[in-house]
Amino acid sequence: MMCYTTIAPSPTGRTTGPQTSLARPYICDDPTVEDYMFESKMAKASDYPYKFPIKQARETSKKLIYGVGVNDADYATQPMVYGARYHCAFYETWKGTIRRVSAEIREKRPSYKDVTICNEWLTFSNFRRWMVSKNWYGRHLDKDLLTAGSRKIYSPSTCVFVSADINNITTGTPSKQGVAQGVVRRGRRYLAQISIGKNTKHLGMFDTEKEAETVYLEAKIAKLSTLISVEVDSDVRVALQNYLKYVRTLKDG
């Protein structure tokens, strides 16, 4: 019999921590439903797994999400469990994707001006069906890696889940100064820099933009090579290898 993790209620009604149970969890009465994670914004409850989905009666919302998305979930995507609000990871990822192609974001972030989403993913259940089949937990939805150099649409054929490091190094934001990516103009000279995790590493000052860009691309190639060597997802690894070839053409071009 499969073993599930549940949250035990205290006499005050608050959750006290995970317990192991050989019975079906109290929050789901469907034995055919698979186990997935509900992400909570409550710090102490964020890592507790629940049987997914939590079956609570609801009607498909008639209100469009950001004016275009259809939430057709037949379960509660933000249930309350012993006073803690839990959020369906599939729904939150889908909603965030719809938001990134909304008029509001396009206006605030020029890099998203021409980004769209396929019609299939405008409906939540279609997106969820795709996400369930992927290695998504602890990863970011990325539209850039599989379409190096274009990055225009969120769809099953153009998206993949990647680590934060991969997402960071494969996402290119156009320079506000009108210079190459990884380059900052400093007076009459040019600074080369690369983002690694949450930090920015300075690579040196150069007399020309081309010199600075070349050093940045060399550092990017080295970082990509390291990420490829430790990536466990075969699809992501192949995509990284293709992206590495693309970056090398930029350097040699």
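The values are calculated or read from the model by the stated rules, or taken from the named source; none is laboratory data. Computed from a predicted structure; not experimentally measured. Don't worry about glycine lacking a Cβ; one is built from the backbone with ideal geometry, like all the others, and counts go over all protein chains shown.
Things to note:
- Single residue of the stretch 64-97 satisfying the filter (out of contact with any strand residue (DSSP E or B) (no Cβ under 9 Å at 6 or more places or on another chain) and in a loop (DSSP other than H, G, I, E, B)) that is farthest from residue 155 (Cα to Cα): 74
- Some residue of the stretch 235-247 being hydrophobic (A, V, I, L, M, F, W, C), assigned to a strand (DSSP E or B) and in the same structural domain as residue 142 (by TED's automatic domain parsing): no
- Residue 213 fulfils the conditions (1) surrounded by 20 or more Cβ atoms within 10 Å (Cβ to Cβ); (2) closer than 30 Å to residue 129 by Cα except for a single criterion, (2).
- Number of the exception - residue 165 against (1) more than 18 Å from the chain's Cα centre (by Cα); (2) at pLDDT 85 or above; (3) charged (D, E, K, R): (1)
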